[in-house]
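Asks: Sharing a structure here in structure tokens format.
The values are calculated or read from the model by the stated rules, or taken from the named source; none is laboratory data. Not measured: the values here are computed from a predicted model. Because the Cβ atoms are built from the backbone with ideal geometry, glycine has one as well, and the counts that use them run over all protein chains shown. Accessible surface areas use protein heavy atoms only, side chains included; no ligands, DNA or RNA. Shrake-Rupley method; radii C 1.70, N 1.55, O 1.52, S 1.80 Å.
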Amino acid sequence: MPEVRSEDSVVRYYCTAGNGMEPFLVDEVKRKLAAQDVDHIPGKVLFSSSETIHRVCDLKAAERLFLLLKQDSPVRLSTHTSPGTTKAASVLQSRLLGDRTQMTWEKTLLWEAWRMVRMHRFVRSQLQSDDFWVMRNKPYLLFFSPVSFRINCKCSGKLHRCISAQEVSRVMGMGLSRLLGWKADLKNPKLEINVYLNDDYCLLGIPLTRLLLPLANRSYLKTPGLRSTVAWAMASLALIEAACFLGVDIDDGQLQKADENVLFAELQSRVHLLKASSTALPLPSASVDAVVCDLPFGRKFSTRINMAENLPVILSEMERVLRVGGTLVVLLSPQLSCLLKKLLLQTNCGPKRNEEAESQTGMKSCLVSSSEQHNLQVTSSSSQEASTFSSLRHQATLRVSLGVIDGLIHKYIKTLD
């Protein structure tokens with residue numbers, strides 16, 4: 001199967017990322033792809049690279065990959081400009097497709113983008129059977145066959161008050177049809193062009209992965225649980241390299257799904273599963289290099305355990321099994337995150353300074369229900385019996401999107417008391 005590589009030129013891409021994942025993606029493209037001109041805006045990371053498509057598609061922190069067609073300053077339309085008028089259409093076409101002096105360049109770029117998309121889908125085994133026949137026998141026909149397309153536009157900010165996404169799509173579609181002779185197809189297009197317009201930027205791109213196959217999909221996962229991008233971010237924070245892994249869960253259903261994933265990925269020799277409670281880990285003290293934990297919030301996966309009440313014991317067990325210099329990475333809900341900070345402040349500041357430290361960190365601003373507030377009080381009174389956590393040194397706290405709610409990733413290093 002052929003490799004697609006732009007050895008004589010650097011290709012400009014952008015990837016979408018979940019809220020809070022942009023720093024991870026920026027670091028990954030620099031480290032894996034030796035990317036240049038790396039920039040990020042909320043939810044997107046832009047970069048240039050001459051690496052192969054295979055390498056670019058191996059990004060773990062990205063949701064979707066796009067070929068960047070245009071990055072420009074925001075489109076400005078007067079509030080007095082009526083949608084659908086010739087003036088509005090002229091401004092949009094000029095900004096999105098360029099003026100007549102730029103038409104040749106835009107046309108060449110779009111045809112090259114189409115060639116890359118088709119070749120990329122061939123490499124990723126996403127072409128239909130008739131496309132495979134053409135690729136094997138008459139590949140030149142594949143790149144000069146009639147192209148059907150669809151415009152996917154998102155408008156926000158002040159521009160949204162002046163013109164709708166549907167109007168932008170209509171103007172863009174008419175311009176492309178005249179420019180390239182392509183045919184609009186809203187139901188089953190061969191190519192999709194994404195347009196993002198807001199008060200800060202104008203962005204045009206072509207997705208290099210189909211809607212059903214984003215980069216965030218992991219071919220080696222049969223049953224996903226936590227978002228794959230967030231799971232990768234946690235593992236990268238823990239600095240996990242080639243090693244043996246032990247997965248612990250008390251729920252039989254979760255263990256069964258995990259076992260299916262291990263078998264599907266053919267990792268039986270490196271990943272072992274154990275049924276046990278996180279409040280009493282059957283492991284010797286100082287026996288592991290890293291602990292990565294995603295405590296259930298009760299949203300996607302329910303639990304009968306009162307996490308707020310048991311958090312001091314769980315944290316104590318994770319601290320116990322870690323070796324000195326080991327890394328703890330834990331994902332918590334905003335409420336449990338506030339509780340974790342409070343527990344550590346009690347340890348570091350002592351009882352006399354606890355009230356002052358609590359007010360300084362804004363504990364009262366945490367949005368918790370009355371039952372959760374009760375749990376916090378119960379936990380605070382019982383936390384003196386738990387470990388002091390004095391050996392855990394805070395490294396980072398990062399907020400990431402989990403879809404419906406946000407989660408906070410905490411990283412700690414175990415040091416000598």
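Asks: Within the stretch 187-293, which strands (runs of 3 or more DSSP E) (wholly inside it) include 1 or more residues that are in contact (Cβ under 8 Å) with a residue 24 or more places away in the chain and of a type in the set (Asp, Glu)?
Replies: Working: elements: 191-197, 202-207, 245-249, 271-275.
Per the criteria, 191-197, 245-249.
Asks: Quickly run through the stretch 173-186 and pick out the residues that are at pLDDT below 85, among the hydrophobic types (A, V, I, L, M, F, W, C) and in a helix (DSSP H, G or I).
Replies: Within the stretch 173-186, Leu176, Leu179, Leu180 meet the criteria.
Asks: Mind checking whether some residue in the stretch 155-170 is assigned to a strand (DSSP E or B), touching a Cys at 6+ places or on another chain (Cβ under 8 Å) and closer than 21 Å to Gly18 by Cα?
Replies: no
Asks: Sort out which residues of the stretch 265-304 are within 14 Å of Ser333 (Cβ to Cβ) and either modelled with pLDDT of 90 or more or open to solvent by less than 90 Å² (accessible area, probe 1.4 Å) (or both), and write them in order of number.
Replies: Cys293, Asp294, Leu295, Pro296, Phe297, Gly298, Phe301, Thr303
Residue-by-condition table, conditions (1) surrounded by 15 or more Cβ atoms within 10 Å (Cβ to Cβ); (2) among the basic types (Lys, Arg); (3) over 28 Å from the mean Cα position of the chain (by Cα):
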{"position": "Met172", "(1), (2), (3)": "yes, no, yes"}
{"position": "Leu186", "(1), (2), (3)": "no, no, no"}
{"position": "Tyr196", "(1), (2), (3)": "yes, no, no"}
{"position": "Asp199", "(1), (2), (3)": "no, no, no"}
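Asks: For the stretch 47-79, name all the residues that are crowded, with 17+ Cβ neighbours inside 10 Å, in a strand (DSSP E or B) and touching a Cys at 6+ places or on another chain (Cβ under 6 Å).
Replies: The one that is crowded, with 17+ Cβ neighbours inside 10 Å, in a strand (DSSP E or B) and touching a Cys at 6+ places or on another chain (Cβ under 6 Å): Leu65.
Asks: Of the residues that make up the stretch 381-399, is at least one among the β-branched types (Val, Ile, Thr), in a strand (DSSP E or B), crowded, with 17+ Cβ neighbours inside 10 Å and at pLDDT 80 or above?
Replies: Of the stretch 381-399, the ones among the β-branched types (Val, Ile, Thr) are 388, 397.
Keeping just the survivors that are in a strand (DSSP E or B) gives 397.
Retained after the next criterion (residues that are crowded, with 17+ Cβ neighbours inside 10 Å): none.
No; the residues of the stretch 381-399 include none that is among the β-branched types (Val, Ile, Thr), in a strand (DSSP E or B), crowded, with 17+ Cβ neighbours inside 10 Å and at pLDDT 80 or above.
Asks: Only one of Val10, Val26, Val38 is open to solvent by 20 Å² or more (accessible area, probe 1.4 Å), touching a helix residue (DSSP H, G or I) at 6+ places or on another chain (Cβ under 7 Å) and aliphatic (A, V, I, L, M); which?
Replies: Of the residues listed, the single one that is open to solvent by 20 Å² or more (accessible area, probe 1.4 Å), touching a helix residue (DSSP H, G or I) at 6+ places or on another chain (Cβ under 7 Å) and aliphatic (A, V, I, L, M) is Val38.
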